[in-house]
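The structure under discussion appears below in the form of structure tokens.
The values are calculated or read from the model by the stated rules, or taken from the named source; none is laboratory data. The structure presented is a predicted model; accordingly, all values stated were derived computationally and were not measured. Counting neighbours? That spans all protein chains shown, and the Cβs are built from the backbone with ideal geometry, glycine included. The protein model used for the area step is the full one, side chains on, heavy atoms only, and it has no ligands, DNA or RNA in it. Shrake-Rupley method; radii C 1.70, N 1.55, O 1.52, S 1.80 Å.
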Amino acid sequence: MTLLDMAVEKIMQKHAGALGVFVAVALVTAYPPFMSMLDEGLLGAFRYFAADSFYYLSVADHSVGAPFFTFDGTHPTNGFHPLWQIYLERSFSSLAFSAAEQIQYTAISSVLFVSLGTGLFALALLHLTRRPALALLGSAPGVYYLLMPVFDPHQGSQWSFANGMETPFSIFLFGVLAYAIFVRKSLSENAGIRSLVWTSGILTLLTLARLDDIFIFVPFLLFVAATGSSRQDTIKRVAVASVVPSLLIGGYLLYNLASVGSLLPSSGSAKAQPLWALARNFYALLTTTLPFADPLGRSHSAWASEAWRTSQMLVPALAAAGWLLTQRIRIHSLNPRILQNTGIGLLASYAILKSTYNFTVVSLWDQGHWYYPLCIMTFNLIVVVWCGRLLDDRATRTDESTEGSPLSALAARFPALGRIPFASLAALGLVLVSANAFVDMKAQGRHQSRSFEFWVERGATELQIEKVCPGCGLLAFDDGIVSYSLTETPTLNGLGLVLDRDANSAREKGKLLDVAWKRGHRLLVSVNYEMPQTAYESRANLRAHLAQNIHLRDVDLDAWDFDVAFQSATTEVSFVRFEPRSADTAKAERAEERRRAEKARPRDLPKQQARRHQDQPSLTGDLG
């Protein structure tokens, strides 16, 4: 055996446990989505995609060969988080995928990055707790998923983050960050300039993966400043830590300004509603905890949808606040546990800042389950470390209640039993059962089935559009599935998240239909926010239901005519033709309303009134 072989063997023996945890966690993270894809093919991939993933797919597909990022193939947009969008666009451009291959590639990339990031995160948990069982449960599916009420089983687990969006990159980079902080100790007082640059580079990529994660820089830079040995050293360290983010994030903002005319992405601008969001989120907090106090008397489905949004906004932040309030945190300390407290405190501070921002600025209905993956992972880390320390404290005390028990007697007689990792095996069993339940839940449900069916019949749909409205574009009130599916039909986004500057300005002025008409869009459509079938029974019904569309609330609908162009036989997706209103159609619509009112009017009104009068109890008779 050579010296190299001996060195490799020694390293493997030393790190075999960590390697085993990494592999086990990465595999159980990848297991559910891969099983779904093996079982159901492309439909299995669709089942894990978040609704907004089709924004990324559409922009990536339409931007191939274009001089800028575009959603409709003509106008520039910046309504996305940049890192994942660049990755998909460059991949689609270089590899010339078919539509099915694009979906497969996006799904596999999502699983790969989530699995690697979760594996690295598990190594950080293992280093903090020295307990493989806790590292496994805390990473996949995560204690948040295991402990929280089941508002929606599709959300909250590590498996749900393989979603075709920016989340896989966020989780991968957060795993790298956790490994760097807790295993490699990149933020220790002895960390040099190189370590600062490396850590700030990770944080920069983390921010470019999801822009509202920029709050992670606040505690990081404060920590860097606090660890300076002198005023001059502090200035130097902060300056070094600021170089990479200033160059990359600053470059991204300048690109936005040059290509779109706005520093910030259109998606973020469309969602920012500071005063309304704060009031609305407080109201959701009230009705989540006291649903019977809801004065609007909404359905149980509305309660569940608000409850999981409120929970992911606040539960990780509350756990983070609990950590900062109960743990001793010191910048300068030789105590390993206090140093760990400080590292976790940095992540806890970030979770509080991000949740506070979204609670005060973004209404919960504008927040998806992909908003807080890093806050949820921070929650998992805090709970796992707390549990690990409780177990450590218990292990140092003699417990007379377990002395002489059958299990302790068996362990004394057969010492080899003590080497069997019962806790790890139990944790692995629980995770596998949960994973299989997740796969079964996906297969039995309808999540993204409608989007998949619409995508499958895309060719027939485009032929039908060309038949009823040759050369027409679409105004889609959807999350990108229409634009991504109907690649030959120009599509304007009615929700406003990926609009260009001029269209977004028109939308804010209530002129969305005007700019759509001017650009040649003649049909309205929505796949996943469809109106009830009764909306299409008459023009009056159609107009009444369109008036309830929040994205058309500032539009003068009386200036436009609407009628059903056609409906898909498979998905029942309806395409509505719109055009400037004429006197003839207004007259016809009023006549139709009169006919329907006449038809609904009772024919023998006096007799019906007499019967109702007879049926009413007599006050005198009731009193006897």
Whole-Å distance linking the alpha carbon centroid of the range 191-231 with that of the range 436-457 is 40 Å
Protection proxy (average C-beta count within 10 Å per residue), highest first, orders 140-146, 102-108, 121-127 as 121-127, 140-146, 102-108
Per its Cα gyration tensor (rounded if a/c is under 1.5, else prolate when a/b beats b/c, else oblate), the range 13-108 is best filed as prolate
Beyond 31 Å, the calculated P(r) of the chain holds a percent of Cα-Cα pairs equal to 59 percent
Long-range amide H partners of ALA272, meaning residues 5 or more apart or on another chain whose placed amide H is closer than 5 Å, are none
Sorted by accessible surface (1.4 Å probe, heavy atoms of the protein chains only), largest first, ILE249, ILE86, ILE550 come out as ILE550, ILE86, ILE249
Here the relative contact order (percent) of the chain, from C-alpha pairs under 8 Å and at least 6 apart, is 16 percent
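Mean Kyte-Doolittle of at least 0.0 and a Cα length of 27 Å or more along the axis: which whole DSSP H helices of the chain meet both?
3-40, 99-129, 231-259, 300-326, 336-361, 373-395, 422-444
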SASA check, TYR529, accessible area w/ 1.4 Å probe, all protein chains in place, rounded to nearest 10 Å², comes out at 120 Å²
Taking only the alpha carbons of the range 123-250, the radius of gyration and the largest Cα-Cα distance, Dmax, both in angstrom, are 16.8, 53
A correct Karplus calculation of ³J(HN,Hα) over the range 570-579, with 6.51 cos²θ - 1.76 cosθ + 1.60, θ = phi - 60°, whole Hz and x for Gly and Pro, returns 8, 8, 6, 6, 9, 10, 10, 7, 10, 7
Expected vector for the range 527-535, Karplus 3J(HN,Hα) from phi with 6.51, -1.76, 1.60 and θ = phi - 60°, integer Hz, x for Gly and Pro, equals 8, 9, 10, 6, 8, x, 4, 5, 5
Taking Cα pairs closer than 8 Å and at least 6 residues apart, the relative contact order of the range 192-261 in percent is 38 percent
quick shape note, the range 242-290: Cα extents on principal axes in Å, largest first -> 47, 25, 14
Regression test value, accessible area per residue of the chain, probe 1.4 Å, units Å², expected 48 Å²
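Note the full-extension length gain between SER93 and LEU38 as 0.36 nm times their separation in residues minus their Cα-Cα distance, in nm to one decimal.
17.2 nm
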The alpha-carbon center of the range 30-68 and that of the range 498-553 are separated, in whole Å, by 26 Å
For the chain, percent of DSSP beta bridges that are antiparallel (nearest 5) comes out at 65 percent
Measure of exposure for MET531: accessible area at 1.4 Å probe, Å² rounded to 10, is 40 Å²
From highest to lowest solvent-accessible area (probe 1.4 Å; ligands, DNA and RNA excluded), HIS332, HIS369 read HIS332, HIS369
The set of residues whose placed amide H lies less than 5 Å from the amide H of LEU524, leaving out same-chain residues fewer than 5 positions away, is LEU475, VAL576, ARG577, PHE578
Given all pairs of distinct Cα atoms, the range 463-592 yields a Kirkwood Rh in Å of 15.0 Å
By accessible area (1.4 Å), largest first, PHE452, PHE46, PHE292 order as PHE292, PHE452, PHE46
For the chain, the percent of accessible surface on carbon and sulfur atoms (probe 1.4 angstrom, ligands and nucleic acids excluded) is 62 percent
Heavy-atom accessible area of GLU89, protein chains in place, probe 1.4 angstrom, given in Å² to nearest 10, is 10 Å²
Taking the chain and a Cβ-Cβ threshold of 4.7 Å, the cysteines left without a partner are CYS375, CYS387
Within the under-15-Å Cβ sphere about THR489, not counting THR489, Lys/Arg +1 and Asp/Glu -1 give a net charge of -2
Length-normalised contact order of the range 249-359, Cα under 8 Å, at least 6 apart, in percent, tallies to 21 percent
Longest the chain segment clear of trypsin sites (Lys or Arg not before Pro) sitting in DSSP loops (not H, G, I, E or B) with at most 14 other Cβ atoms within 10 Å runs 131-297
